[in-house]
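One structure below.
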Amino acid sequence: MLFYYCFISVFFIRFFGQDPSTAPRRRPSTRWIPTALLQPPPSSSPLAKKGDSVLDLCCGSGDLAFLLSEKVGPNGQIAAYRQRRRSKLCCKNTKCVEGNAVELPFFESYFDAITIGYGLTNVVDGSKAMEEMCRVLKKGSKVSVLYFNKSTQPLITLIQDLMVDYVIVHVASGHGLGSEYGYLKNSIKEYLTGDELEKLALEVGFSSAKHFEVGEGIMGNLVATR
Ligand SMILES: C[S@@+](CC[C@H](N)C(=O)[O-])C[C@H]1O[C@@H](n2cnc3c(N)ncnc32)[C@H](O)[C@@H]1O
Ligand SMILES: *[C@@H]1O[C@H](CO)[C@@H](O)[C@H](O)[C@H]1NC(C)=O
């Protein structure tokens, strides 16, 4: 129990960085993003490199998009995609695109990589979104999907629920993002297990898919290759 308490504290700090009331948000906090998301096992070769075109789906406040924009450099490009646009994101190589993840306005085989952090459960038709991701990815390129690890152990599920209710939603409200995270409460239950995610990826056309536990198994990362 103590271990999980410590983990939650670490997660809290990593997820949102500084206290928003004391730190004006000059640049997004990227500390919550597990390195695994951008350097997925087992190859541990980076998901995105200099000059790549990367799509960050369900980009939220754009923390992940910001980190990616630094990775791809000035010759790369990031499409930060979300349902409602906010004008805050503005790195030179990053474009904000508004739309639904089930209908991506991009050509086939366009992107070198796709990321989606805490977003797949928001999309009502997750399998259609996976299909769209597969379509716009180049052959051999990867998508990295980060979310909680849907556990079969009731205690872990309870801890995740408490984390969402009392930590994430509360702190997100401080960032004016309460509504973006409020829905999370029941979403872990509706989400898929690692095995189900792998199966879904293969069904929609990815050639391989592997789910990894991240952060002591509290979170999970699906890596699928087109
Ligand atoms: C919890 S936030 C994701 C956090 C984000 N990845 C980050 O790095 O800060 C969820 C995001 O999903 C977006 N979203 C929800 N449903 C969507 C859909 N059907 N298509 C595209 N974006 C969607 C919301 O607009 C919101 O920005
Ligand atoms: C992660 O989820 C899987 C089921 O999808 C479960 O078997 C495993 O125990 C979970 N890991 C942890 C640490 O709860």
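The values are calculated or read from the model by the stated rules, or taken from the named source; none is laboratory data. Fair warning: this is a prediction, and the values are worked out from it, not measured in the lab. In this analysis, Cβ positions are derived from the backbone assuming ideal geometry, glycine residues included, and neighbour counts consider all displayed protein chains.
A few notes on this one:
- Top-ranked residue in the stretch 92-119 [being small (Gly, Ala, Ser) and assigned to a strand (DSSP E or B); ranked as modelled with the lowest pLDDT]: GLY117
- Restricting attention to the stretch 120-148 and to residues that are at pLDDT 85 or above and among the polar types (S, T, N, Q), the residue that is farthest from ligand 2 (Cβ to nearest atom) turns out to be SER141.
- Residues in the stretch 92-132 that are buried (at least 17 other Cβ atoms within 10 Å of the Cβ), touching a helix residue (DSSP H, G or I) at 6+ places or on another chain (Cβ under 9 Å) and among the hydrophobic types (A, V, I, L, M, F, W, C): 11 in all.
- Hits in the stretch 122-148 (condition: β-branched (Val, Ile, Thr) and either near ligand 1 (Cβ under 9 Å from one of its atoms) or at positive phi (or both)): VAL123, VAL124
- Within the stretch 120-145, the set of residues being in a strand (DSSP E or B) and polar (S, T, N, Q) comprises SER141, SER144.
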